[in-house]
1. Just give me the residues in the range 18-31 being crowded, with 17+ Cβ neighbours inside 10 Å and assigned to a helix (DSSP H, G or I), in sequence order.
2. Of the numbered conditions (1) under 30 Å from residue 162 (Cα atoms); (2) open to solvent by 40 Å² or more (accessible area, probe 1.4 Å); (3) more than 13 Å from the chain's Cα centre (by Cα), residue 250 fails exactly one; give the number of that condition.
3. Give, as residue ranges, the helices (runs of 4 or more DSSP H) completely inside the range 43-155 that count at least 2 residues that are open to solvent by 30 Å² or more (accessible area, probe 1.4 Å) and under 29 Å from residue 323 (Cβ atoms).
4. Every residue in the range 208-260 that is under 30 Å from residue 180 (Cα atoms) and of a type in the set (Ser, Thr, Tyr), please.
5. Please specify each residue of the range 415-440 satisfying the condition of being in contact with a strand residue (DSSP E or B) (Cβ under 6 Å, 6 or more places away or on another chain) and free of Cβ contacts under 8 Å to residues at least 40 places away in the same chain.
6. Residue check, residue 295 against (1) touching a Cys at 6+ places or on another chain (Cβ under 7 Å); (2) open to solvent by 50 Å² or more (accessible area, probe 1.4 Å), all met but one. Which one?
7. Give the residue that is nearest to residue 248 (Cα to Cα), with candidates limited to residues of the range 306-328 that are open to solvent by 20 Å² or more (accessible area, probe 1.4 Å), touching a Pro at 6+ places or on another chain (Cβ under 9 Å) and within 16 Å of the ligand (Cβ to nearest atom).
8. Any residue in the range 372-397 that's farther than 21 Å from residue 437 by Cβ: show its pairings with residues that are among the acidic types (Asp, Glu) and open to solvent by less than 80 Å² (accessible area, probe 1.4 Å) at Cβ separation under 8 Å, as long as the two are six or more apart or on different chains.
Amino acid sequence: MAEKKKPWGGRFTDAASRAAERLSASIQYDSRLYRQDIRGSRAHARMLHRMGILDAGELEAIVDGLGTIEREIREGDFEFSPYLEDIHMNIESRLTEMIGDAGRKLHTARSRNDQIALDVRLYLLDESGVIRKGMTALVETITAAADRHIEVVMPGYTHLQIAQPVRFSHHLLAYAWMFLRDLTRLDAAADAARGLPLGCGALAGVNYENDREFLREELGFDRVIPNSMDAVADRDYILDFLYFAAVLGTHLSRMGEELVLWSSAEFGYLRLADAVTTGSSIMPQKRNPDIAELLRGKTGRLYGNMVSLMTVLKGLPMAYNRDLQEDKEPLFDSIDTVKDCLEALTEMIATMTVRDDRMRRSLYDNFSTATDLADYLVMKGIPFRSSHEIVGALVKHCEESGEDFFTLPVETLKRFSPAFGDDAAGVLRPDTSPERKLSSGSTSKGEVKKQIAAVRERLRSSGTGG
Ligand code: ARG
């Protein structure tokens, strides 16, 4: 590497120490920004040509050279050097090696400070497009499962105790709504990234007439960042993304936990496909929901990445400081994690086998229609607090006598309240309980169907994102 010169090396006599080299190098991870770095450099070169800083021949040499470098990197033919610290200097140094002085002109009116801010914004925008597709696929898959299993009724829980019967679809759709909210947060983070930092130089602006409006247009940004110091020092758009990823992680984790519970022998509500479960190296019978557990476990790093960058930013003076280089690993890690988790969860939902027989059986636990019975008495004119007491006494009676709540004969019911009639037996049935829900947003079939339509409409109208 010794023959390569640091592009900033002019005023230095002594080489950096090994520890300093190791600390400052970021090429191990920022090489993934090569496409964005090259896109930015192409636009910058075109702008320099418009402003008369590069002649047509120089522009052509730069654009061609960058094209060659892009191909070399894509095909694994590029030798990255940690000595050249980061992606910017690796590419610039190779360009100069290839085309000579024209390459040495590319960095006119630009600093690595506005360059890196640009690269990361472009990268975040590219990746949010991919993540958006992953999230849309997940919500579609959940909604399709809800549609398919609309007849399946299961126990709904509070405090992880059986509470009231609900449609399995209704339970699934609760997650679809969570992920739709996450989509809104993702779009907001992408919007925050759509300001153009390029053309601001190191911090103060540049000593050349440039055309930031041309750069904005060329690179597809919504707006030009109006303050050159803010342009190079701002990382809020990354925080917005990391917050989105952290909240998404919370939702992935909650759903992962339910998949773990439901696929246990105790619940037995579903069976996850082989492709998303693992065996045990010692217990031959085991089928473990490791992937669902990892949806839960990966949340730790998603939270950590957000806190990590918040901590880096806190207390930084204006404008650029090298601390800001620490923005990339948390961002890249959250992007990779979120993409994998979304794909895995989508696959799990699409391929799971629903054990509706097991769900139905559990409906007969823990007096799941006690509330329906209390409301039955209200219909017969009894105040709710009194009917609550009457049904409470009935539950106690069943617990003590061992009698089955769901098949209590009307004579027994009448001993607790004369208001009970022959029609009470139907109200005790848990499978029809969801249809007794009359409120909007409830678990009744009509309301669940409305939700399915509403989720699909939201997906259609939000299209490919704002
Ligand atoms: N690799 C650096 C980063 O990621 C690029 C900017 C370096 N600028 C500087 N003046 N040292 O932030």
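1. If the condition is that a residue be crowded, with 17+ Cβ neighbours inside 10 Å and assigned to a helix (DSSP H, G or I), then 27, 30 are the ones that fit.
2. It is condition (3) that residue 250 fails.
3. 87-99, 112-148
4. 237, 243, 250, 253
5. Those that are in contact with a strand residue (DSSP E or B) (Cβ under 6 Å, 6 or more places away or on another chain) and free of Cβ contacts under 8 Å to residues at least 40 places away in the same chain: none in the range 415-440.
6. (2)
7. Looking at the filtered set, the residue picked out is 308.
8. If the second residue must be among the acidic types (Asp, Glu) and open to solvent by less than 80 Å² (accessible area, probe 1.4 Å), the pairs left are 397/403.
The values are calculated or read from the model by the stated rules, or taken from the named source; none is laboratory data. Since the model is a prediction, treat every value here as computed from it, not as a measurement. Methodologically, a virtual Cβ is constructed for each residue, glycine included, from the backbone with ideal geometry; neighbour enumeration extends over all protein chains shown. Each accessible area value is taken on the protein alone, full model and side chains, heavy atoms only, with ligands, DNA and RNA left out. Shrake-Rupley method; radii C 1.70, N 1.55, O 1.52, S 1.80 Å.
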